[in-house]
1. So for each of 53-59, 25-31 I average, over its residues, the number of other beta carbons within 10 Å; can you give me the resulting order with the highest mean first?
2. If you rank 89, 22 by fewest surrounding Cβ atoms within 10 Å, what's the result?
3. Do the sum for the chain: with -39,500 (n - 2.57) for every DSSP H run of n ≥ 4, divided by all residues, what is the mean residue ellipticity at 222 nm, to the nearest 500 deg cm²/dmol?
4. Of (i) 20.7, 68; (ii) 12.3, 40; (iii) 12.3, 37, which one was derived for Rg and Dmax of the Cα atoms in Å from the structure shown?
5. Compute the acute angle (0 to 90°) between the alpha-carbon long axis of helix 62-73 and the principal axis of greatest extent of the alpha-carbon atoms of the chain; round to the nearest 10°.
Amino acid sequence: MIAVKSTMSSKQGIVKACVLIRVRPGQHYKVAEKISSLKGVKSAFAVMGGADVVARIEAENMKVLTRLGIQIGDLPDVVTTETLVAAER
């Protein structure tokens, strides 16, 4: 499931977002490493809390962000994702 919140930054035309990812037990680091290699992902790292991995993303537009979110959600060991899109200032 991907939930998109807020709006994109229209000044630069770049959409910035964080994706909160829940994974199968023990797969934090493997999934973070795989996500880090995807185009558009600036960083991905394991965390403690409600999410297991957080990915920081910059995409050309919402369509590209959507595709990347789906790609992350389809990875093996990913259980759920929640995409938080940066709010406009």
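Each reported figure results from applying straightforward, stated rules to the coordinates on display, with no laboratory input. Owing to the predicted nature of the structure, the values given are computational and were not obtained by experimental measurement. For neighbour counting, all protein chains shown are included, and Cβ atoms are generated from backbone atoms with ideal geometry for every residue, glycine included.
1. Values: 53-59: 21.4, 25-31: 15.4.
Peptide ranking by packing, descending: 53-59, 25-31.
2. Working: 89 5, 22 16.
Ascending Cβ contact count within 10 Å gives the list 89, 22.
3. Working: 2 runs with 21 residues, N = 89.
Rounded to the nearest 500, the figure is -7000 deg cm²/dmol.
4. Step by step, Rg and Dmax of the Cα atoms in Å for this structure corresponds to label (ii).
5. For 62-73 against the chain, the angle is about 0 degrees.
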